[in-house]
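Asker: Handing you a structure now.
Nothing in this text is a laboratory measurement; each read-out follows from the coordinates by a stated rule. Predicted model, so just to flag it, every value in this text is computed and none were measured. For neighbour counting, all protein chains shown are included, and Cβ atoms are generated from backbone atoms with ideal geometry for every residue, glycine included.
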Amino acid sequence: MPRFSLLYKVIIAYLVILLPILAVISMIFENNKEEMERLLITELRQIADEREAYILMYMHMNKQRMQDFASDGFIVSTLERMDRKAVGRVLGEYMKKYKLPILKEMYLLNIITAPDGKVLASTIPGLEGEDLSKEEFFRSGLKGLSVVEVVSRFGPQIAVSAPIYSRAEKGKVLGVMTGFTALSKFGEFFTGEYIVRLGALSWSHWGRWSTFEIYLVNRDKLMITPSRYVSDAALKQKVDTYPVRECLEHRDEETGFYPDYRGEMVVGASMCFPSLGWTLVVEVDREEVFAPVIRSQWYTFGAIILVTGLIGALVFYFIRVIVRHLRALAIGAGEIAAGNYEVRVPVRTRDEIGQLASSFNAMAASILERQQELVNSQKSLAESELRYRTLIENLQEGIWVIDENAVTTYVNPRMAEMLGYAVSEMMGKSLFEFLDEEGVRITQERLERRKRGIKEVMDAEYVKKDGGRLYATIAVAPFIEGGVYKGAIAGIVDITERRKAQEALRESEEKFRAILDNMGNVVFMKDLEGRHIFVNRLFEMVTRRSKADIYGKTVLELFPEQIAMEFDKNDRKVLEYDRPMEFEESFPLGDGVHSYISIKFPLKDTKGKAYAVCGVSTDITTLKNAEEALRKSEHSLREAQRIAHIGNWEWDMEKDFVYRSDEVFGIFGRTRVEFDSFESYLESVHPDDREAVIMKLRKAIDSEQAYSVDARITRGDAVERIVHIQGEVIRDESGKAVRMAGTVQDITERKQAEDEVTKLNRELEHRVEERTLELKRANEDLAVAKTEMETFTYSVAHDLRSPLRLIDGFTILLLKKQRDRLDHEGQDHLERIRASARRMGQLIDDLMNLSFVMRAEVSLGAVDLSAIALSIASDLEKADPERKSDFVIEKGLAARGDERLLRMVVENLLGNAWKFTSKRDGPRIEFRRCGEEAGKDVFCVRDNGVGFNMAHSDRLFHPFQRLHSQDEFPGTGIGLATVKQIVQRHGGSVWAEGKTGEGAVFYFTLQKGNG
């Protein structure tokens, strides 16, 4: 490190104090400058905004005026009615007298006819007839209000145009009215003349700057208003500056510093008029704006130089006094540094310097005393360090010491040897240089724990010099001094070989497990207590348990007791006989009981002592089932052939050997010895049929036709039978017939039966004809009886109703006329007569309904059951408004049927539910779809009424059968019988469920509504 004198340091300190002061002053100056720039730009922008507003307001006012002039009634009517030549003079004088004075800045008004584009009338004589059809202001004026910049013999102008529309023909353009304003007039907005003319007393047009300038630039980058610096600049002075380009190219309004059209640096602001292609520019020379700032800057620099000089002189004076005393101390310190601890510094003052000299002398004496102590301590330390180093360097474990930055400060030879380095190569290197990426991340986390004073024993992995890996177990402890982490020391043991062995063992175990998991056999291991210590994946699948749920459990905890006991017994046999054994074991699975062949054997340790039982089980269920199925199939085939009198055969043509099933021998009544060739078969055929059989056989062999023939045979016992023989020829690759297979069936009884059936069919046809005639006569008699029955029913109903009405009428008359003469008992008798008459009338009506239902034609159609139910529920509630019931009717219930008849079904069922819930608190009646049966919708009506006993449910749907007395619930017992008849006539069924005191449910089925 370089040595500097005290004077040098004081000067540096002086500068350190002075420079921030200068920096602050500079920052204040720069801040003021930036603030001034901001205020200036804001002010210029405000001025530009104001002038932009004046121009836009002026243009808007002129456009409105021009639109008013174009719609002037006199001008429009004159254009439509008068002669064109006379119109020009009249309109010119009219505009000059009444219109032009209103627009003080406009010097010319023209009326241009459409579509020829010729001037019809003008406020300047001599312009009439001029062709302006190609001018932009005319073409734009035909379309609507427009403002166009033009250059004519009158100079640069702004033309404001408006179309003149016909009042007689809507939408027709008669012409265009155009007013012209000289562009030089726009300069008055910037000088203030226009505002003064409007009435302002004064106007500061140039602001507070001598170089302040406002001007307009057109789309051709030409100045169109007067310039402060260039005479006659309108449409001559090119202005290709930054704000003009930004406005014309990007329509961006800019503020800032840039060179103006003179090349001078200015600060300015711009406004864009996109419709006209104009740019309004407000500028002030940068030199004028910043002149006060520059003057202030020079004043500031002068003041800084003066203050710096005064402070420097004062500091220099004090330095000379202090340095003289400090030099004496420096000489004394030099002597001490040279080893002369007996030197003493003279004390000349009592101030801080004198006190420093006294302390210096005391320090020298103390150093002299401690020097001797240090010599003694160093001698002892050297001896101790020698012993420690000898121990560390001869250890068979690695020792590694790092500092707080993880830099190696010491390693013993063993540590360097383990990594393949020399000790000198490792010293000073970072611990992280001996780790891979993942090791660096893990070690950084561990070092954080060291910094908290935590000791640890753990495994680690290092990168050797040759790129190999060192796997080690390390015991590490931190160095903590005064609560501050200073590094760590670690003892390291090489476990690379052990790690490789573990890795090889792990890989071997993984391969072994993969093999076992992918075997088609169940594999398991159990300890001597019967607890599972290993199972493969198939074991999990079979038992439908995870390994976590299997390990540590015995068979008694996993399987049914009987099966578990069998498994356990077999395991113990293996341990008892100490050898592999094979067992057939059964185990129930989801698809039935499975059979397994289990090979079990003991597992032994290195001493030959058994520590577990291992088993490999193979599912032989499919094999056993196949064997059983084959056995059953063969038995079934034999039985089927025996029962059906069908046998199968196969003829080997080359060897002339015929295989025949047992049934064939039974059919032909011959033994295997006498019936083993094809010739023996032909000999059994009846002589009259033999030729036909041979011909059919030859045709099948030659033409590949099926062999099928009925023939008579003579059994071995001389009994004649009829058989049906059929077969198929089997050919080799060349097409040669080599074998033939087929069946033979004894059809003797069938042939006899067919003859008998033919005979019976003839007799049956004759009997059917006779019975058809009888049935026809019976139907005619039934139709007559039905008609007579209907007539009788209506007659009985009419004849019964008449006396009932008379009985009811006379009873009412007696109650009205003779009530005073009758006692209470007599009145009660009359009321009973009336009630009986009404009940009889109701019974007759119900019988008539039942009769109607039984004979009415069923007209099928879509029926909205929900709507019917809602209507009936509403009628029931209206009939008894004081009763509160909860009707729950499902929406969208529909069926296919006769709407009149189905209404009677719903009316009867809902009426019953209403009646039988009348004595309930909180009655509830539901009508909904309750499922599907045999392709039909099931509907149900549920109530929480009095219910019924299911033992009597068979009586519910019979006429006149009632489960409750008339006093309890009135009724005739016909309603449910009617429901049953209607539902049955629709092809459905009806039934009921109930429980006394808990309500009832009535179900009925109907065709689906969309069917």
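Asker: Under a straight-distance cross-link criterion of Cα-Cα below 21 Å, which lysines are reachable from Lys759, leaving out those fewer than 8 residues away in the same chain?
Answerer: Correct list for Lys759: Lys751.
Asker: Find how many whole Å separate the alpha carbon centroid of the stretch 861-927 from the alpha carbon centroid of the stretch 59-76.
Answerer: The distance from the Cα centre of the stretch 59-76 to that of the stretch 861-927 comes to 79 Å.
Asker: So, one more: From the phi of every residue in the stretch 705-711, what ³J(HN,Hα) in whole Hz does the Karplus formula 6.51 cos²θ - 1.76 cosθ + 1.60 yield, where θ is phi - 60° and glycine or proline is x?
Answerer: Each residue's phi maps through the Karplus curve to give 7, 5, 9, 8, 7, 9, 8 Hz.
Asker: Here's a follow-up. Can you sort Val673, Val613 from fewest to most other Cβ atoms within 10 Å of each residue's own Cβ?
Answerer: Going from least to most buried by this count: Val673, Val613.
Asker: Hey, how many Å between the Cα centroid of the stretch 656-708 and the Cα centroid of the stretch 89-143?
Answerer: 128 Å
Asker: For Glu52, what is the net charge nearby, where nearby means another residue's Cβ is under 12 Å from its Cβ and Lys, Arg count +1, Asp, Glu -1?
Answerer: Spelling it out: positives minus negatives among the neighbours equals -1.
Asker: Could you please report the charge total around Asp549, scoring K, R as +1 and D, E as -1 over all other residues with beta-carbon less than 12 angstrom from its beta-carbon?
Answerer: Around Asp549, the surrounding residues sum to +2.
Asker: Can you tell me how much longer the chain between Ile12 and Leu623 gets when fully stretched, taken as 0.36 nm per residue apart minus their C-alpha distance, in nm with one decimal?
Answerer: 209.6 nm
Asker: Using Cα positions and a limit of under 26 Å, work out the lysines in reach of Lys624, with same-chain residues fewer than 8 apart set aside.
Answerer: Counting by Cα, and skipping residues close in sequence, Lys624 has these lysines nearby: Lys569, Lys573, Lys600, Lys632.
Asker: Let me have the relative contact order for the stretch 397-542, percent, based on Cα pairs under 8 Å that are six or more residues apart.
Answerer: Computed over the stretch 397-542, the figure is 19 percent.
Asker: Quick check on the stretch 519-619: what does the Kirkwood estimate of hydrodynamic radius come out to from the alpha carbon pairs, in Å?
Answerer: After inverting the pairwise mean of 1/r, the radius is 13.7 Å.
Asker: Between the stretch 462-534 and the stretch 392-428, how far is it from one alpha carbon centroid to the other, in angstrom?
Answerer: Cα centres, the stretch 462-534 to the stretch 392-428: 24 Å.
Asker: Straight-line reach from Lys465: which aspartates and glutamates have a Cα under 17 Å away, not including same-chain ones fewer than 8 places off?
Answerer: Glu417, Glu425, Glu433, Asp436, Glu437, Asp494
Asker: Still on this structure, please answer the following. Can you work out the PRE-style zone for Lys238? Point 7 Å along Cα to Cβ, and I want the residues of the stretch 253-272 with backbone N under 14 Å.
Answerer: Counting only backbone N, you get 261-263.
Asker: Search the structure for amide H atoms under 5 Å from the amide H of Gly716, placed 1.01 Å from N in the peptide plane, and list their residues when 5 or more places away or on another chain.
Answerer: Here Gly669, Arg670 satisfy the definition.
Asker: Additional query: Past the 23 Å Cα-Cα mark, which pairs from Lys891/Lys1008; Lys143/Lys236; Lys104/Lys221?
Answerer: Table pairs above 23 Å Cα-Cα are Lys143/Lys236; Lys104/Lys221.
Asker: Give the long-range amide H neighbours of Ile164: residues separated by 5 or more places, or on another chain, with amide H under 5 Å away, using H modelled in the peptide plane at 1.01 Å from N.
Answerer: Leu174, Gly175, Val176, Met177
Asker: Mind listing the long-range amide H neighbours of Leu589? Cut-off is under 5 Å, sequence gap 5 or more, other chains count too, H placed in the peptide plane at 1.01 Å from N.
Answerer: Amide H neighbours of Leu589: His594.
Asker: Also, I was wondering about something else. So, counting K/R as plus one and D/E as minus one, what does the shell of residues with Cβ under 13 Å around Leu538 add up to?
Answerer: +2
Asker: Mind listing the phi-derived Karplus ³J(HN,Hα) values for the stretch 909-926, rounded to whole Hz, using 6.51, -1.76 and 1.60 with θ = phi - 60°, and x for any glycine or proline?
Answerer: My calculation for the stretch 909-926 gives 5, 5, x, 4, 4, 4, 5, 7, 9, 5, 9, 9, 8, x, x, 9, 10, 10 Hz in order.
Asker: What pairs from Lys97/Lys238; Lys429/Lys511; Lys464/Lys607; Lys118/Lys170; Lys915/Lys936 go past 31 Å between their alpha carbons?
Answerer: Distance filter (> 31 Å) returns Lys97/Lys238; Lys429/Lys511; Lys464/Lys607.
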